[in-house]
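Remarks on the structure that follows.
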Amino acid sequence: MLVALVVPPTLVVTALRVLATDTFVRFEYDRDGFPSDRYGLTDEERQSLALTGLESIRPRSDGIVLLERATLPDGSPAFDSRELTHMEDVRTLFGAALRAQLVIVLLLIVLAVALSRSRLREVVPRGLLAGALTTLAIAVLAVPFILLGFDRFFTRFHEMFFEGDSWRFSDTDTLIRLYPERFWEDVSQLAAAITVAQAVLLAGVAWWWLRRTRGRTA
């Protein structure tokens, strides 16, 4: 069912919306054990550049221009051409995901209203319940993969959404210095947790909606 198929990616995008915030970046940098920069940037300098990087991928921001203007303490450009190109790709992908999610949510609302007085009124709640349960089933398989084989998960994810080795950088590149592996491990784990929490909540709401719909039919 189409409704069920769109639920998992929609919930994942919601989790990414939560994490793609200044609050989360500051939270990460303030966490005990967050790795310091081995090449001289202070935590304040890194956090400022990391926030600029986050701002650059937001649809309504100035985009990559923000990164082109960014400099290191010595006045040199903070990001090279490969990093700028990758961040442009990230901005495009993130923007497309946000727009797709909005369209899906609006279509589901329209569909639910349109079918509310027909014999097909169960389609949306039944689809949402199936989608929530599918999300939980995927999580059962994916979460151990993320926790036990993060490097492999990280590689597969990038190979799926980015071309060639455009996403591979050295430890001395600014993007890696700002967003080390620990950052992405935390993002992956929290995104999974937020997605699962949404799926549990959605399953409860959809089950109640379905019961209520069937009660009216009886």
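Some observations on this one:
- The stretch 2-217: relative contact order in percent, alpha carbon pairs under 8 Å with at least 6 residues between: 32 percent
- Cα-based radius of gyration for the chain, normalised by 2.2 N^0.38 Å, reads 1.21.
- On the basis of the beta-carbon distance and an R0 of 25 Å, Arg58 and Trp207 show a calculated FRET efficiency of 0.10.
- Each listed q (0.10, 0.18, 0.21 Å⁻¹) maps to a log10 I(q)/I(0) for the stretch 117-213, found by the Debye formula over equal Cα scatterers with no solvent: -0.43, -0.88, -1.03.
- Ordering Arg31, Arg177, Arg60 by the number of other Cβ atoms within 10 Å of each residue's own Cβ, fewest first, gives Arg60, Arg31, Arg177.
- Ordering 107-117, 185-195, 156-166 by mean Cβ neighbour count within 10 Å, with the highest value first, yields 185-195, 107-117, 156-166.
- Residue exposure proxy: Leu19, Leu201, ordered by other Cβ atoms within 10 angstrom of their Cβ from fewest to most, comes out as Leu201, Leu19.
- Rounded FRET efficiency, nearest 0.05, which uses the C-beta distance separating Arg26 from Thr155 and R0 of 35 Å: 0.80
Computed from the coordinates by the stated procedures, all read-outs in this text should not be read as laboratory data. Just so it is clear, the structure is predicted and the values come from calculations on it, not from any experiment. Every residue, glycine among them, receives a Cβ derived from its backbone with ideal geometry; neighbour counts consider all protein chains shown.
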